[in-house]
Amino acid sequence: MSDVVKFRFDVDGSDFSSAGAASVTVKKKLRQLGYSPDVIRRVSIAMYEGEINMVIHANGGIAEVEASDDKIVIVLADKGPGIPDVELAMQAGYSTAKDHIRNLGFGAGMGLPNMIKYTDDLRIDTVVGEGTTITMTVLI
Amino acid sequence: MKVEALQGLLSARVLCGKADGEFEGVYIGDLLSRAMSRVEAGCAWVTIMANINVVAVANLTEPALIILAEDVTMQADVLAAAEENGITVMTSPMSAYEICCAISKMAGE
Ligand SMILES: Nc1ncnc2c1ncn2[C@@H]1O[C@H](COP(=O)(O)OP(=O)(O)O)[C@@H](O)[C@H]1O
Ligand SMILES: [Mg+2]
């Protein structure tokens, strides 16, 4: 694998029922490309959390994945409300999700902690009122 | 451990997929971010959450089966998605605790 394989998805922020679809597709593609189960698991967990966050907190966005032979880079960009206090948002269990979101099983406040735990690098660029871009790297 | 043997012990009904496989280990929980990082491939995931998002998490984590406790069922569209993705789902009248006691007993035999 010397080429870089790229994927791009529009993540629909109005449809909770399709939340996670981009992550599921990426997982299938990475398997076809022959990445190890461990790498696929880490990418799946991190991307799913980021994708769900775009749906439940930011009204959707764009997910881009670049897979090469030494790393997989996931970029999740939204035009949502931004994150006012990133340090607070990173704390395990912290969530601003409303009850109707929690009733669906989301809002455990473990998304960002999982994204840190399962990736080798996580960068959050966020501006309140403008949006959030999360860039995650999983090394092969 | 055999899924089929478990089905009998739990008086469970298969809602979709096949009960002829094997499973190893259990995770109990309804919060999807927790499940996402804790459900291991090939395990039994015991939950009372039965919405479409459970199917996405199962797609990513690949448990051998989902066991819905307390007679919880899945709506037809959710079952169709699970079926399409080859996920085995069964429902049992037992509580999550009782289900795990039964699995623990089975593991000891
Ligand atoms: N893309 C985003 N846009 C705006 N806020 C976000 C975004 N992602 C995360 N947040 C904020 O960070 C908090 C913590 O996120 P996370 O750890 O994933 O927990 P949860 O999604 O369960 O609330 C969220 O409750 C939300 O306030
Ligand atoms: Mg989250």
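The values are calculated or read from the model by the stated rules, or taken from the named source; none is laboratory data. All values derive from a computational prediction rather than experimental measurement. Glycine gets a Cβ as well: all are built from the backbone with ideal geometry, and neighbour counts include every protein chain shown. Ligands, DNA and RNA are stripped out before the accessible areas are found, and what is left, the full protein with its side chains, is counted by its heavy atoms. Shrake-Rupley method; radii C 1.70, N 1.55, O 1.52, S 1.80 Å.
In this structure, is A:E87 of a type in the set (D, E), free of Cβ contacts under 8 Å to residues at least 12 places away in the same chain and within 11 Å of ligand 1 (Cβ to nearest atom)?
yes
If I filter region B:77-100 for residues that are under 25 Å from A:M115 (Cα atoms), open to solvent by less than 30 Å² (accessible area, probe 1.4 Å) and not aliphatic (A, V, I, L, M), do I get at least one hit?
Looking for residues that are under 25 Å from A:M115 (Cα atoms), open to solvent by less than 30 Å² (accessible area, probe 1.4 Å) and not aliphatic (A, V, I, L, M), one finds none in region B:77-100, hence no.
Any chance region A:69-83 includes a residue that's touching a Ser or Thr at 6+ places or on another chain (Cβ under 9 Å), away from chain B (no Cβ under 14 Å), among the basic types (K, R) and more than 17 Å from A:G13 (Cα to Cα)?
yes
Can you pull out every residue in region A:90-99 that is under 23 Å from A:Y118 (Cβ atoms) and either more than 12 Å from ligand 2 (Cβ to nearest atom) or free of Cβ contacts under 8 Å to residues at least 12 places away in the same chain (or both)?
Of all residues in region A:90-99, those under 23 Å from A:Y118 (Cβ atoms) come to A:90-97.
Result: A:Q91, single match.
Please verify whether region B:71-85 includes one or more residues that are within 11 Å of the chain's Cα centre (by Cα), away from chain A (no Cβ under 13 Å) and among the β-branched types (V, I, T). Spell out the reasoning first.
In the first step, residues of region B:71-85 are kept if they are within 11 Å of the chain's Cα centre (by Cα); the result is none.
No, every residue in region B:71-85 fails to be within 11 Å of the chain's Cα centre (by Cα), away from chain A (no Cβ under 13 Å) and among the β-branched types (V, I, T).
Taking the condition touching a residue at least 40 places away in the same chain (Cβ under 8 Å), over 24 Å from B:N51 (Cα atoms) and aliphatic (A, V, I, L, M), does A:V4 pass?
Details: touching a residue at least 40 places away in the same chain (Cβ under 8 Å): yes; over 24 Å from B:N51 (Cα atoms): yes; aliphatic (A, V, I, L, M): yes.
When the stated conditions are applied, A:V4 passes them.
In region B:44-56, what residues are under 15 Å from B:A96 (Cα atoms) and either within 7 Å of another protein chain (Cβ to nearest Cβ) or touching a Pro at 6+ places or on another chain (Cβ under 9 Å) (or both)?
Step one: filter region B:44-56 for residues under 15 Å from B:A96 (Cα atoms), giving B:44-50.
Passing the criteria: B:A44, B:W45, B:M49.
Considering only region A:29-51, I want to know if a residue exists there that is more than 18 Å from A:L122 (Cα to Cα), within 10 Å of chain B (Cβ to nearest Cβ) and of a type in the set (V, I, T).
Within region A:29-51 (the criterion being more than 18 Å from A:L122 (Cα to Cα), within 10 Å of chain B (Cβ to nearest Cβ) and of a type in the set (V, I, T)), the answer is no, since none of the residues qualifies.
Could you list all residues from region B:23-43 that are open to solvent by 30 Å² or more (accessible area, probe 1.4 Å) and either within 13 Å of chain A (Cβ to nearest Cβ) or among the aliphatic types (A, V, I, L, M) (or both)?
Residues satisfying the conditions are B:V26, B:I28, B:D30, B:L31, B:R34, B:R38, B:E40, B:A41.
Please go through region A:72-106 and give me each residue that is part of a helix (DSSP H, G or I) and touching a helix residue (DSSP H, G or I) at 6+ places or on another chain (Cβ under 9 Å), ordered by number.
Taking region A:72-106 as the starting set, the residues that turn out to be part of a helix (DSSP H, G or I) are A:86-90, A:99-102.
If the condition is that a residue be part of a helix (DSSP H, G or I) and touching a helix residue (DSSP H, G or I) at 6+ places or on another chain (Cβ under 9 Å), then A:V86, A:A89, A:M90, A:I101 are the ones that fit.
For region A:46-74, give me the residue count where each residue is of a type outside the set (D, E, K, R) and more than 16 Å from ligand 1 (Cβ to nearest atom). Lay out the reasoning, then the answer.
Of all residues in region A:46-74, those of a type outside the set (D, E, K, R) come to A:46-48, A:50, A:52-63, A:65, A:67-68, A:72-74.
Pick out the ones that are also more than 16 Å from ligand 1 (Cβ to nearest atom) and you get A:65, A:67-68, A:72-73.
Count: 5.
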